[in-house]
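Single-structure report; data block below.
The values are calculated or read from the model by the stated rules, or taken from the named source; none is laboratory data. Please read these numbers as outputs of a predicted model, since none were measured by experiment. Note: ideal-geometry Cβ built from the backbone for every residue, glycine included; neighbour counts use all protein chains shown. Protein only, heavy atoms only, side chains kept; ligands, DNA and RNA dropped before computing areas. Shrake-Rupley method; radii C 1.70, N 1.55, O 1.52, S 1.80 Å.
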Amino acid sequence: MIIAIDGPAAAGKGTLAQNLAKHFKYAFLDTGRLYRAVGYAVLQAGKDPSDKTEATKAAKAFDPKSINQILSNPALREEATGNAASKVAVIPSVREVLLQLQRDFAEHPFFEDGTPAKGAVLDGRDIGTVVCPKADVKFFVTASAEVRTDRRFKELKDAGKPADYDVILKDIKERDERDSKRATAPLKPAEDAYVLDTSNMNATQAYQAALDFIAINHA
Ligand code: DC
């Protein structure tokens, strides 16, 4: 059983994916973290994330066995890493390397301790369209740019970090533009995805709506 969750930055797909994975006891993969890890590695090497050769080299350097350790680095959550991720994600050869990693996980999902799982929840931008086009359930989670900015702003404030509303809104709009306009695997809902607009929902309501959809359509 595979549940694919796509959508723009800060729409609530990560929280929904983790809640569903916990509910069904499935393994979870935040695929954005893979792109973030590549972006981070390029930044750490002092190179430009838009540099095709450097970014591809960083993607190929991943050892699938140490993926959990790589993806647990807290630095991957930083805004600067998110921007670098969005830049490396435009490069087809980077996507190709990461595509295989994601498909392997979807085919043989495993928990953080390495034990196999009977299902997987993957969240990202192209899970329902490219990575797992045959996923059993597909959600496209979205919300207005302003609502997403409010959420990010609050998250940063709550974490005691500096936050500027206008800068975050600009960043979110730029990332939406780059993610949806790129030639390879752009951000868009799969034809058979259930679009969940969370602009007027909290995390619990979005989770409930997703569970209701699964109960009705995949009983
Ligand atoms: O979901 P996120 O903000 O952690 O993702 C970071 C970037 O990675 C995002 O701007 C686009 C890219 N990405 C992608 O192109 N495809 C995915 N499946 C996941 C993320």
Sequence of E79, E191 from largest to smallest accessible area, 1.4 Å probe: E191, E79
With all protein chains modelled, accessible area of D48 [1.4 Å, Å²]: 80
About the Cα centre, charge dipole magnitude for region 65-181 (Lys/Arg +1, Asp/Glu -1 at Cβ), debye: 140
Under the Karplus curve 6.51 cos²θ - 1.76 cosθ + 1.60, θ = phi - 60°, whole-Hz ³J(HN,Hα) for region 53-60, x wherever Gly or Pro sits: 5, 5, 5, 5, 4, 5, 5, 5
Percent of Cα pairs exceeding the 26 Å cut-off, where the set is region 20-162: 29
Rounded percent of accessible protein surface that carbon and sulfur make up, region 72-219, 1.4 Å probe: 53
Amide H within-cut-off set for V141, under 5 Å, with H built and near neighbours excluded: D6, G7, L196
Å² per residue, accessible surface of the chain at 1.4 Å: 51
For region 31-37, Karplus couplings with θ = phi - 60° (6.51, -1.76, 1.60), whole Hz, Gly/Pro x: 5, x, 5, 5, 5, 5, 5
Cα lying deepest toward the dipole's positive end in region 1-78, options V42, A55, A75, charges on Cβ: A75
Positive-end residue, region 152-201 charge dipole about Cα centroid, Cβ charges, pick of T184, G160, T198: G160
Set K57/K181; K25/K65; K52/K134 screened for pairs whose C-alpha atoms are more than 26 Å apart: K52/K134
3J(HN,Hα) from dihedral phi, region 75-90, Karplus parametrisation 6.51/-1.76/1.60, rounded to Hz, x for glycine, proline: 4, 5, 7, 4, 4, 4, 5, x, 5, 5, 4, 5, 6, 5, 5, 7
Helix-only mean residue ellipticity at 222 nm for the chain, each DSSP H run of n ≥ 4 adding -39500 (n - 2.57), per residue, nearest 500: -16000 deg cm²/dmol
Shape box of region 81-219 [Cα atoms, principal axes, largest first, Å]: 42, 38, 34
